[in-house]
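Read the figures in this text as sums done on the coordinates, not as results from a lab. All values derive from a computational prediction rather than experimental measurement. Please note: Cβ atoms are built from the backbone with ideal geometry, for glycine as well, and neighbour counts cover all protein chains shown.
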Amino acid sequence: MNQVIAVCGKGGVGKTTISALLGRALAADTEDRVLVVDADPAGGLAMALDWSVAGSINDLRQEILDAIERRKTDQADLAAAIDYRLLEMLSDRDNLALLSVGRSEEAGCFCNLNTVLREAIEALSGHFRTTIVDAEAGLEQVNRRVMRSVTHLLLVTDPGAKGVRVAEEIHALAVEAVAPKRVGLLVNRVRSEAEIDSIRSRTKLPLLGWIPEDDAVRTFDAQARSLLELPPCPAVAAVRAWISDGEFFG
Ligand SMILES: Nc1ncnc2c1ncn2[C@@H]1O[C@H](COP(=O)(O)OP(=O)(O)O)[C@@H](O)[C@H]1O
Ligand SMILES: [Mg+2]
């Protein structure tokens, strides 16, 4: 079955970095096509991958609104056009494809950006073995309206207490809203075993694994270089080892 992995957590803990490294590793180490979705209106994933995107979900949303306003299309035409435009908006490299949510200027519009995002994820995830959704920080997107098709909830935290608390809040909401098949906590930017022990003692969330603090990641970020080009380094190795242990996936 296709899997849709939502990468959630507090701002700044490493959701975008993990989404990029996970997408890269899954696309390289398996035969599968992988879709990464930049679902954070603040962006970041396209930049972390150094990819320019052909269009965004927000562009598509605008096109839908325009079509409805002009009453130019009927429902069936519109649905077909949306599917076609979604595929056009993907930017592809080898086994990896990127879709960006973009940014909406209008609040509270009936054609909500997150609703179009959910429809897009549902329409596209059938074409990919794995879809990775780099979610907005915090709780805004953790509801059935956005996450209906999510099968795996990957809660990312740094070793700090706030990150773990936000992960627990997201977990409580998500389990009620979407009942994902697999859930767990991935601890990023770890500097010592003691930090892992401390987290283990503070939370009941299942601990999936941890990614070390890695100077190579920081340097690439500072130089705005694509994480796809990271040479072998501890963070990349940790992500690959975590994938190959296989417990969370499938
Ligand atoms: N394992 C790591 N080692 C070193 N720096 C990291 C690591 N993971 C993330 N970072 C850095 O932390 C910052 C925030 O990461 P990011 O992935 O953008 O977080 P989020 O998407 O959760 O806001 C970035 O500058 C990134 O380069
Ligand atoms: Mg981010």
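Observations, loosely collected:
- Counting only Cβ charges, +1 for Lys and Arg and -1 for Asp and Glu, the dipole size of segment 171-236 around its Cα centre is about 300 debye.
- Helix-only [θ]222 nm of the chain, DSSP H runs n ≥ 4, -39500 (n - 2.57) each, per residue, nearest 500: -14000 deg cm²/dmol
- Antiparallel %, DSSP beta bridges [both residues in segment 19-146], to 5: 20 percent
- Under 5 Å, built H, 5+ apart or other chain: amide partners of Gly138: Gly9, Lys10, Gly11
- If you count Lys pairs in segment 3-244 whose Cα atoms are under 20 Å apart, skipping same-chain pairs closer than 8 places in sequence, the total is 6.
- Of Leu230, Leu153, Leu35, the residue with the greatest mean-square motion in the GNM of the chain, using alpha carbon springs below 10 Å, is Leu230.
- The residue among Asn114, Gly9, Thr219 whose Cα reaches farthest toward the positive pole of the charge dipole of the chain, with charges on the beta-carbon of Lys, Arg, Asp and Glu, is Gly9.
- Note on the chain: along the principal axes its Cα atoms extend 62, 37, 34 Å, ordered by decreasing extent.
- Other-chain or far-sequence residues with amide H under 5 Å of Val133's (modelled H): Ile5, Ala6, Val7, Val37
- Phi-derived couplings, Karplus 6.51 cos²θ - 1.76 cosθ + 1.60 at θ = phi - 60°, listed residue by residue for segment 205-216: 4, x, 8, 7, x, 8, 10, x, 4, 9, 4, 5 Hz, with x used for Gly and Pro.
- Segment 27-97: proportion of alpha-carbon pairs further apart than 14 angstrom, %: 67 percent
- Summing Cβ point charges (Lys, Arg +1; Asp, Glu -1) relative to the Cα centre of the chain gives a dipole of roughly 560 debye.
- Full-extension gain in nm, Arg70 to Thr30, via 0.36 nm per residue minus C-alpha separation: 9.9 nm
- Take each peptide in 214-221, 88-95, count the other Cβ atoms within 10 Å of every residue, and average; sorted highest first, the result is 214-221, 88-95.
- Sum of side-chain charges, Val13 neighbourhood, beta-carbon under 15 Å (Lys, Arg +1; Asp, Glu -1): -3
- Relative packing of peptides 234-241, 184-191, 19-26, 203-210 - highest average C-beta neighbours within 10 Å first: 19-26, 184-191, 234-241, 203-210
- Selected from Ala167, Ala76, Ala179 as most flexible by GNM, with the chain as the system and alpha-carbon contacts under 10 Å: Ala76
- Antiparallel bridge percentage (DSSP; both residues within segment 3-244; nearest 5): 10 percent
- Whole-Hz ³J(HN,Hα) from phi, Karplus 6.51 cos²θ - 1.76 cosθ + 1.60, for segment 118-127, glycine and proline x: 4, 4, 5, 4, 5, 5, 8, 5, x, 8
- GNM flexibility winner over the chain from Glu119, Glu229, Glu136 (Cα, springs under 10 Å): Glu229
- Close amide H pairs (under 5 Å, H built 1.01 Å from N) link Gly184 with Leu153, Leu155, residues at least 5 positions away or on another chain.
- Packing-based ranking, highest mean first, of 5-13, 170-178 given that Cβ atoms within 10 Å are counted: 5-13, 170-178
- Cβ-defined net charge surrounding Gly138, 9 Å radius [Lys, Arg +1; Asp, Glu -1]: -2
- Here the relative contact order of segment 53-167, from alpha carbon pairs under 8 Å that lie six or more residues apart, stands at 26 percent.
- Rounded to the nearest 20 debye, the dipole size of segment 101-203 about its Cα centre is 300 debye, using +1 on the Cβ of Lys and Arg and -1 on the Cβ of Asp and Glu.
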